[in-house]
Amino acid sequence: RIMDELMEILEDVRPDIDFSSETKLIDNGVLDSFDIIAIVNECNEKFDIEITVASLLPENFNSAEAIWTLVQKLQNE
């Protein structure tokens, strides 16, 4: 499953976080701006997409599922 590739990226950036259960990564301050930049850069490269500033909304990064939804949306554009 391609979502596994996303989970690998997330775990590389922050191995201390359980991304499979955390649903408030931004709201609870689990990820900081440097984490987000790293995740965005890795996703852009790995999935051949461009996550723009307009997409950098908390709801797009609160969970692995939300990030995956964003990736899929951008791949379909």
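The values are calculated or read from the model by the stated rules, or taken from the named source; none is laboratory data. What you see is a predicted model, and the numbers here were worked out from it, not measured in a lab. Cβ atoms come from the backbone with ideal geometry, glycine included; neighbour counts cover every protein chain shown. Just the protein is used for accessible areas: all its heavy atoms, side chains included, with ligands, DNA and RNA removed. Shrake-Rupley method; radii C 1.70, N 1.55, O 1.52, S 1.80 Å.
Work out the FRET efficiency for residue 4 and residue 52 from their Cβ-Cβ distance, taking R0 = 35 Å, and round it to the nearest 0.05.
That gives a FRET efficiency of 0.90.
Evaluating 6.51 cos²θ - 1.76 cosθ + 1.60 at θ = phi - 60° for every residue in segment 44-53, the Karplus couplings come out as 4, 6, 5, 9, 6, 10, 10, 7, 8, 4 Hz, glycine and proline recorded as x. The residue 75 and residue 16 beta-carbon pair, evaluated with R₀ = 35 Å, returns a calculated FRET efficiency of approximately 0.75.
Would you compute, from DSSP H runs of 4+ residues alone, the mean residue ellipticity of the chain at 222 nm, taking -39500 (n - 2.57) per run and dividing by the full residue count, rounded to the nearest 500? Walk me through the numbers before you get to the answer.
Details: 4 runs with 43 residues, N = 77.
For the chain, the value works out to -17000 deg cm²/dmol.
Over the chain, accessible surface divided per residue gives 62 Å², non-protein components excluded, 1.4 Å probe. Distance between the 7 Å Cα→Cβ label points at residue 59 and residue 24: 1.7 nm.
Give me the distance between the Cα centres of segment 53-73 and segment 1-27, rounded to whole Å. Each part's Cα centre sits 12 Å from the other's.
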